[in-house]
Amino acid sequence: MASTNHPRTLISGFLRSLRARPHHPALELGEQRFTYAQLWERAGRIAHCLNESLDPAAPLVAAFANRSATAYSGILGILATGRGYVPLNPKFPAERTLSMLAASGCKAVILGSECEAAAKAILPGIKEPLLWILPDATYTLSKADFAPHRVITAQDMSSVADPREPQVDRDATAYLLFTSGSTGTPKGVAVSQRNVTAYLDYVAPRYAINPEDRCSQNFDLTFDLSVHDLFACWDAGAALCPFPEQTLVPVSLITEKELTVWFSVPSVAMFASKLSLLEPGAFPSLRLSLFCGEALSARLATAWEQAAPHSIVENIYGPTEATIAISHYRWDAEKSPRECISGIVPIGWIFEGQQCCVVDEKLAPVPVGESGELCLSGSQVTAGYLRDPVRTQQQFVQLSGSGVRWYRTGDLVKKDERGCIYYLGRIDHQVKISGYRVELQEIEQVLREAASTEMAVAVPWPLSDGTASGIVAVIAGADAGQDNRIIKRCAERLPKYMVPTRIYHFAELPLNVSGKIDRPKIVALLADNE
């Protein structure tokens, strides 16, 4: 196999592990097990197919697959050609998937057979013919069903590309993800090779994942934390263990799969705690436990540490725009409970080599110990939003006297004299639901259209340990008999975690002294109704 003399890219670690341990387990999907060589054989076929069939100028390829061999080999195959991948989620409504596909400009889609129904739903809405690659052995759809699109099936894919390091510009897109947007249109965040390799190079020595580790894979591929799942594991030559889609309680598989590395949003652990699954000593195999995506409570950190007595427990933080995570806080049973604010674990210290600044409304730095908005800078911070210069200019700014570009997170924090950062909440209406970042304005736009009224707001509810478990709608002056229709319309337009679970009807929406909708008052009224 060829040596790697080119600059490091997202796939470099996998190729290094392939050369060093071709017969070592790389992926376990239920009873299916793939070594690094076997996984590459699938990925190499896809890479060869893309190289032979797609215009070299096409920088991105969509992966429409979910927790399957095609999902993981598809991503590797795309990266091996020097292109970036765009994950599509079969659980998203067709309208949202079409919007993401159109915005990405992808000319090719790799389709897993598990996503056939979702693909069939979007085919009529695609404006221009695409190249569809179908690597699995069986599909119910035929080539004719894809007309006028071009289709390549497994029978057409006989050659395997050489596992060579692609020659890629460091600023080229490694992957494109979409976050919730306040205009009703998802925002595309293009993460460069430079951004993501800076992250991986930092976490590799910190977490010291090794070939004997067995790593969890909790996150959907459309969630940026999945990039850590895959590539922190494969960079180290370890085995990736994705949880089946139907897994209701992922922690139950820790013992079954003998996992040594765990990574999830705190909500997963919270659900396990409610089911009394975090008994002391429950997870003796774990040596590293990471949490990210939403606030981690001290109570949950304590319970997890007791359940995994041999494990480091670490809270990490970072928006998609700063590439996976950019700060960390290691839990210490003796001192950490005293360092929590309102029962929430700090987000800790910024990664070495990255920068942070806490600013006021005028973007001026605040004194140590005072609260303000967290701004981030450094090699992990992305270039902005895909073809959205207005939003990019709003969120990526110059701070007075800094001479560098900063990303405004919208997170309210304070920093102590040690440099430790404490998360205090959001300064806008952006919230975290099950680890996903959600713009309430996007939900509200759909709500108002569905309910035919401007008097509709989305509220994170109910709240527990500072985190919302779902969204409810509050509407004034609408017919309660239309609730089912409104929720159904939301489900057609929004991912499941953004769909209101219930509609509350108020005679009128409370306003604050500025004449704006008083959201804290709405939350108080909801609490009074419980």
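Subtracting the Cα-Cα distance of Lys335 and Ala102 from their residue separation scaled by 0.36 nm leaves 78.9 nm. Could you tell me which of rounded, prolate or oblate describes the stretch 30-182, using a ≥ b ≥ c as the square roots of the eigenvalues of the alpha-carbon gyration tensor, with rounded for a/c under 1.5 and, failing that, prolate when a/b is larger than b/c and oblate otherwise? In terms of gyration-tensor shape, rounded. Cross-linked pairs Lys362/Lys414; Lys257/Lys496; Lys120/Lys187: Cα-Cα separations exceed 19 Å for Lys257/Lys496; Lys120/Lys187. Here's the picture: a label point sits 7 Å out from the Cα of Gln167 along the beta-carbon direction, and within the stretch 9-39 the residues with their amide nitrogen under 17 Å of it are 9.
Of His505, His328, how do they rank once you tally other Cβ atoms within 10 Å and put the fewest first? Intermediate values should be presented prior to the final figure.
Working: His505 13, His328 22.
Listing His505, His328 from fewest to most nearby Cβ atoms yields His505, His328.
For Trp349, Trp406, the sequence from fewest to most other C-beta atoms within 10 Å is Trp349, Trp406.
With both labels modelled 7 Å from their Cα along Cα-to-Cβ, the Ser252 to Ile517 distance reads 3.8 nm.
With a Förster radius of 45 Å applied to the C-beta separation of His310 and Arg405, the computed FRET efficiency comes to 0.60. Measuring r between the beta carbons of Lys127 and Arg448 and using R0 = 25 Å, the FRET efficiency lands at 0.35. Overall dimensions of the chain, expressed as equivalent-ellipsoid semi-axes from the Cα gyration tensor (√(5λ), whole Å, largest first), are 36, 29, 23.
Shape annotation for the stretch 247-426: C-alpha extents along the principal axes are 52, 38, 27 Å, from largest to smallest. Each of Glu95, Glu165, Glu370 has some number of other Cβ atoms within 10 Å of its Cβ, and from fewest to most they run Glu370, Glu95, Glu165.
Each part gets one Cα centre, and for the stretch 6-78 versus the stretch 259-318 those centres are 30 Å apart. Computed 3J(HN,Hα) for the stretch 164-176, one whole-Hz value per residue from the Karplus formula 6.51 cos²θ - 1.76 cosθ + 1.60 where θ = phi - 60°, is 9, 5, x, 8, 10, 5, 5, 9, 5, 6, 8, 7, 10, glycine and proline marked x.
Taking every DSSP beta bridge that has both residues in the chain, what percent is antiparallel when rounded to the nearest 5? Don't skip to the end; give the middle numbers.
Values: 51 of 85 bridges.
The antiparallel fraction comes to roughly 60 percent.
Counting helices only, and only those DSSP H runs with n ≥ 4, report the 222 nm mean residue ellipticity of the chain as the sum of -39,500 (n - 2.57) divided by its residues, in deg cm²/dmol to the nearest 500. The partial results should precede the final answer.
Details: 15 runs with 151 residues, N = 530.
Value at 222 nm, helices only: -8500 deg cm²/dmol.
Note on Glu41 and Lys120: the extension gain reaches 25.7 nm, defined as 0.36 nm multiplied by sequence separation minus the Cα-Cα distance.
Mean separation of Cα pairs under 8 Å and 6 or more residues apart, divided by the residue count, gives the chain a relative contact order of 12 percent. Between the stretch 182-232 and the stretch 365-415, how many Å separate their Cα centres? Using only Cα atoms, the two centres lie 21 Å from each other.
Values quoted throughout were computed directly from the atomic coordinates according to the rules given, and no laboratory measurement underlies them. What you are looking at is a predicted structure, and each value in this text was computed from that prediction instead of being measured. Quick reminder, even Gly has a Cβ in these numbers, built from the backbone with ideal geometry, and neighbours come from all protein chains shown.
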